[in-house]
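What follows is one structure encoded as structure tokens, with my remarks underneath.
Derivation of every value follows stated rules applied to the coordinates shown; laboratory data play no part. What you see is a predicted model, and the numbers here were worked out from it, not measured in a lab. Backbone-built Cβ (ideal geometry, glycine too); neighbour counts: all protein chains shown.
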Amino acid sequence: MSVPILDVIDLHAAYGRIEVLRGVDLSVPRGAVMALLGPNGAGKSTLVKVISGQKEATSGDIHLAGVHVQGARSEDLARVGLCTIPEGRSVFPNLTVEENLVLMSYAGVPASAVLDTAYGYFPRLHERRHQLAGTMSGGEQQMLAMSRALASDPALLLLDELSMGLAPLIVDELYETVARIAESGVSILCIEQFARTALRVADYAAVMSGGRIVATGEPGEILETMADVILGGAA
């Protein structure tokens, strides 16, 4: 049995006196796509912030590829292969598509490799390469955010609410690319409120409610056992 790319054990976190994560246990196998599902307020985004070093846990453990990383800073986690695409698309709106991408070369990746990866996954970005990122559609900005993340050659990619505010057809297209990224060997944790599209490309799924993981399994099992109200019922 290989060591999981991510292992979260009895993780707790709070905002002031309000406990948001109440003993989360989650394991993501290497090379897998895992969908993390659940309604608003379940604790999904807080979990992403703790895993990615943006928020401190009150207790519990996090292992990345077998290494204990609880309490590590975001930049240190990025160096060992953890990359997060946060909810809301992080692009520089006043720079062109190509300028957004070339910025990633300052992390040590050749600019040509960054551009090849981005345009290989998203030909539309090549068409828009001289356009200001802030003038593109939400879907195109999400493609750019994903491309910038891939430039860091991640071992584990955290996608937080990839579908937020996007039309279903665009979401389908983005998740087809998620499947292609996984085929290249990148492990992916997709955090979603709306489940069905994510489940189509996921190898495994977990459902979060009330600050805990309440079910895990293969996508078919999750669809069969969990009510639509938990899964969000859309997409």
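Nearest 0.05, what FRET efficiency do N94 and D25 give at R0 = 41 Å with Cβ-Cβ as r? Spell out each step's value before the answer.
Details: r = 43 Å, r/R0 = 1.04.
My answer for the efficiency is 0.45.
Stretching A111 away from H68 to a fully extended chain increases their span by 12.3 nm, per 0.36 nm per residue minus the current alpha-carbon distance.
Measuring nothing but alpha carbons in the range 80-134 and taking Rh as the Kirkwood radius, the Rg to Rh ratio lands at 0.96. Taking amide H positions as modeled 1.01 Å from N, with prolines and chain starts lacking one, the residues under 5 Å from I188 and 5 or more places away or on another chain are A32, V33, M34, L157. For A206, nonlocal amide neighbours, meaning residues 5 or more places apart or on other chains whose placed amide H falls under 5 Å from its own, are A35, L36, L37.
Per the Kirkwood formula on distinct C-alpha pairs, the Rh of the range 161-214 is how many angstrom? Please list the in-between numbers first.
On the way: mean 1/r = 0.0835 Å⁻¹.
Result for the range 161-214, one decimal place: 12.0 Å.
The H on the amide N of T96, modeled in the peptide plane, is under 5 Å from the matching H of A133, each at least 5 residues off or on a different chain.
Karplus-based coupling profile of the range 205-214, in residue order and whole Hz: 9, 9, 10, 10, 8, x, x, 9, 7, 9, with θ = phi - 60° in 6.51 cos²θ - 1.76 cosθ + 1.60 and x standing for Gly or Pro. Both the radius of gyration and Dmax for the chain are 17.2, 50 Å, in that order, over alpha-carbon atoms. Largest mean-square fluctuation among G41, G211, G138, in a Gaussian network model of the chain whose springs join Cα atoms under 10 Å apart, belongs to G41. Rounded to 0.05, the FRET efficiency of the R180 and R129 pair, given R0 = 25 Å and the Cβ-Cβ distance, is 0.75.
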